[in-house]
Amino acid sequence: MNILKGAIAGYGPRKNVVLGLVRLASTSSSGASSSSVKDTAITEDEMSHFNALASSWWDVDGPQRILHKMNLLRMDFIHTTIREHLQLNEPNTPVEDEIYVPAYGLELLPKPIRNRIISEQENKRDEILGKSKLKALDVGCGGGILTESLARLSFIHSVKGIDLSSDVLQAAKVHQLKDPQLTKLQYELKAIEDLPSNQQYDIITMFEMLEHVTYPAKVLEEALSRVKVGGWVFISTINRDFVSWFTTILMGEHLLNIVPVGTHTLDKYINQTEIKDWIESDSDRSEKYKVVRAEGCIYLPAYGWKFTENPNVGNYFMAIQRKK
Ligand SMILES: C[S@@+](CC[C@H](N)C(=O)[O-])C[C@H]1O[C@@H](n2cnc3c(N)ncnc32)[C@H](O)[C@@H]1O
């Protein structure tokens, strides 16, 4: 019963709804950018929590096994989103060289024609990605589970992983040395706002990170301002709802011990609609950025991670593209 007390004490839906909106609406505690504590900083509690996990970060059956298991799904999400949204025809492509992109559903066409169009489009996607050299930034990279996988993608030119937990980053650096092929990868102990603002990236990832920061809007703003036109910000985080509390805190932490107790705080979860609304509520932001894809996902202990039909419940992935 004591086990449940801790979990249940953290569930206060009315209080949480208010806090979540305030969290995303506010960009700083004081509004003073000269404050010695940065708005994108990690709290002491979060830092010691993650530092304590550093030595077991790469144990695929250890406390971070849920992140290891999530990696396949997130790589799939990143890869398919980028691939599906490639511009198949550059603006001045001669008509005879253009890849045919029908303005209507391909399923209306006879199968042999449909298959030929799909095959031409897929070949073009392979060709474009084969020539691409994308720069990626992984914010809150932890021990580098996603960072290393990104660096192994053939169309990635370089990856920078940043985090504020020094022990965790050290675990990332040590693990990198195990694979001499990982030469495209570099780690830095840095807050995102300390990266030069003229360093722009094609891909910025923030996986399982926003629910640990005090001012998520500030971190999002810093990330959006560093993505190139046409580039992507990929996020995974958690809706602030009963299902999330049940799966990530009650089951995940207290009953099944999938992650250590204290990993999550319901108040810090952010609904995917809040991120969408935050982008759309500002005309500059909504002109430049668009939420192109959002998918719910769930961890099934006997199976692993799986996409769900509903991004508004539980965990979710989101892809934001910079339009101009
Ligand atoms: C749950 S781990 C996720 C690690 C990694 N993104 C992954 O999914 O494999 C959260 C990470 O975010 C980092 N973090 C938390 N707040 C941060 C902040 N304000 N700036 C940078 N990193 C932060 C923590 O140190 C920790 O390594």
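Descriptive notes on the structure:
- Residue order, fewest to most surrounding Cβ atoms within 10 angstrom, among K131, K218, K190: K131, K190, K218
- Put in order of Cβ neighbour count within 10 Å, fewest first, the listed residues D59, D138 become D59, D138.
- Spin-label pair L189/Y104, simplified geometry with 7 Å Cα→Cβ offset, distance in nm: 6.2 nm
- Simple rule: put +1 on each Lys or Arg Cβ and -1 on each Asp or Glu Cβ in the chain, find the dipole, and look at G105, L255, S158; the Cα lying farthest toward the positive end is G105.
- Cα-based reach from K323 at 14 Å (exclusive), listing aspartates and glutamates while leaving out same-chain residues under 8 positions away: D202, E280, D284, E287
- Dipole magnitude (debye, nearest 20) for the range 34-126, charges at Cβ of Lys, Arg, Asp, Glu: 300 debye
- About the centre of its Cα atoms, the chain shows a dipole size close to 200 debye [charges on the beta carbon of Lys, Arg (+1) and Asp, Glu (-1) only; nearest 20 debye].
- FRET efficiency for the N115 to E44 pair, using the beta carbon distance and R₀ = 56 Å, is estimated at 0.45.
- In sequence order, the range 275-285 has phi-based couplings of 5, 4, 5, 4, 5, 6, 6, 10, 5, 4, 5 Hz under the Karplus curve 6.51 cos²θ - 1.76 cosθ + 1.60, θ = phi - 60°, and Gly or Pro positions carry x.
- Total charge dipole magnitude, the range 247-324, about the Cα centre, Cβ charges on Lys, Arg, Asp, Glu only, Debye to nearest 20: 400 debye
- Under Karplus coefficients 6.51, -1.76 and 1.60, residue-wise ³J(HN,Hα) of the range 219-230 in Hz, glycine/proline x: 5, 4, 4, 5, 5, 4, 6, 10, 9, 6, 4, x
- Potential lengthening between D61 and D282 on full extension [0.36 nm per residue; Cα-Cα distance subtracted]: 75.2 nm
- Entries of K135/K173; K190/K268; K184/K218 with Cα pairs more than 24 Å apart: K184/K218
Each reported figure results from applying straightforward, stated rules to the coordinates on display, with no laboratory input. Not measured: the values here are computed from a predicted model. Note: ideal-geometry Cβ built from the backbone for every residue, glycine included; neighbour counts use all protein chains shown.
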